[in-house]
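Scroll down for the structure; my scribbles are underneath it.
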Amino acid sequence: QVLLVESGGGLVQAGGSLRLSCAASTRTFTTYAMGWFRQAPGKEREFVAAISWSGGSTDYADSVKGRFTISRDNAKNTVALQINTLKPEDTAVYYCAAEPNRLRPTRSGYDYWGQGTQVTVSS
């Protein structure tokens with residue numbers, strides 16, 4: 001069991017940046033692959049980015065490549081999502097997710113989810 005708590009969302013103008021953070025309450029953080037997803041109003045939740053247990057391998061949705069960067073700090077049990085050059089279409093609730101006993105990044109099959117943090121981008 002792991003509790004995930006996201007933070008860092010907010011209202012930002014197009015072209016701006018945000019850094020989302022997710023804190024995980026577990027003693028075995030390095031056994032989890034971690035991911036970020038988002039859900040825009042009226043749309044299904046979609047994969048954004050994922051990272052391996054070591055941080056050495058990452059995966060991104062095509063729509064965010066080059067603008068989003070996922071990273072993790074295993075000493076602090078945190079995973080971050082740096083979002084640059086924000087666009088109005090990035091407006092969504094962003095969720096952190098954890099998948100136990102999976103060392104490589106994955107786009108599906110996550111068992112644990114945070115409550116989400118709202119990101120709103122104004123044009």
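The residues neighbouring residue 116, those whose beta-carbon lies less than 11 Å from its own, together hold a net charge of +1 under the Lys/Arg +1, Asp/Glu -1 convention.
Available extension along the chain between residue 11 and residue 87 is 26.2 nm, counting 0.36 nm per residue and deducting the alpha carbon span. Counting only heavy atoms of the protein chains and using a 1.4 Å probe, residue 111 has close to 90 Å² of accessible surface. Its relative contact order, with pairs defined as Cα atoms under 8 Å and 6+ residues apart, puts the chain at 37 percent. By accessible area, using a 1.4 Å probe on protein heavy atoms only, the range 11-123 has 45% of its surface on carbon and sulfur.
Each DSSP beta bridge with both residues in the chain is either parallel or antiparallel, and the antiparallel ones are about 90%.
Here the Kirkwood formula, the inverse mean of 1/r across different C-alpha pairs, assigns the range 1-62 a hydrodynamic radius of 13.6 Å. Fully extending the segment from residue 123 to residue 26 would add 31.0 nm, taking 0.36 nm per residue of separation and subtracting the current Cα-Cα distance.
Full extension of the chain between residue 74 and residue 40 yields a length gain of 9.3 nm, computed as 0.36 nm times the residue separation minus the alpha carbon distance. Here the convex hull built on the C-alpha positions of the chain has a volume of 89 cubic angstrom per residue.
Summing charges over neighbours of residue 15, with a neighbour being any other residue whose Cβ is under 15 Å away from its Cβ, gives 0 when K and R count +1 and D and E count -1. At a probe radius of 1.4 angstrom, the accessible area of the chain per residue rounds to 51 square angstrom.
Ratio of Rg to Rh for the range 69-123, alpha carbon only, Kirkwood? Radius of gyration over Kirkwood radius for the range 69-123 works out to 1.00. In order along the range 50-58, the Karplus-derived 3J(HN,Hα) couplings, from 6.51 cos²θ - 1.76 cosθ + 1.60 at θ = phi - 60°, round to 9, 9, 6, 4, 8, x, x, 10, 9 Hz, and Gly and Pro are given as x.
The values are calculated or read from the model by the stated rules, or taken from the named source; none is laboratory data. Nothing here was measured: the structure is a model prediction, and the numbers come from that model. Cβ coordinates were reconstructed from backbone atoms using ideal geometry, including for glycine residues, and neighbour counts include every protein chain displayed. Quick note on the areas: whole protein, heavy atoms, side chains included, nothing else; ligands and nucleic acids left out. Shrake-Rupley method; radii C 1.70, N 1.55, O 1.52, S 1.80 Å.
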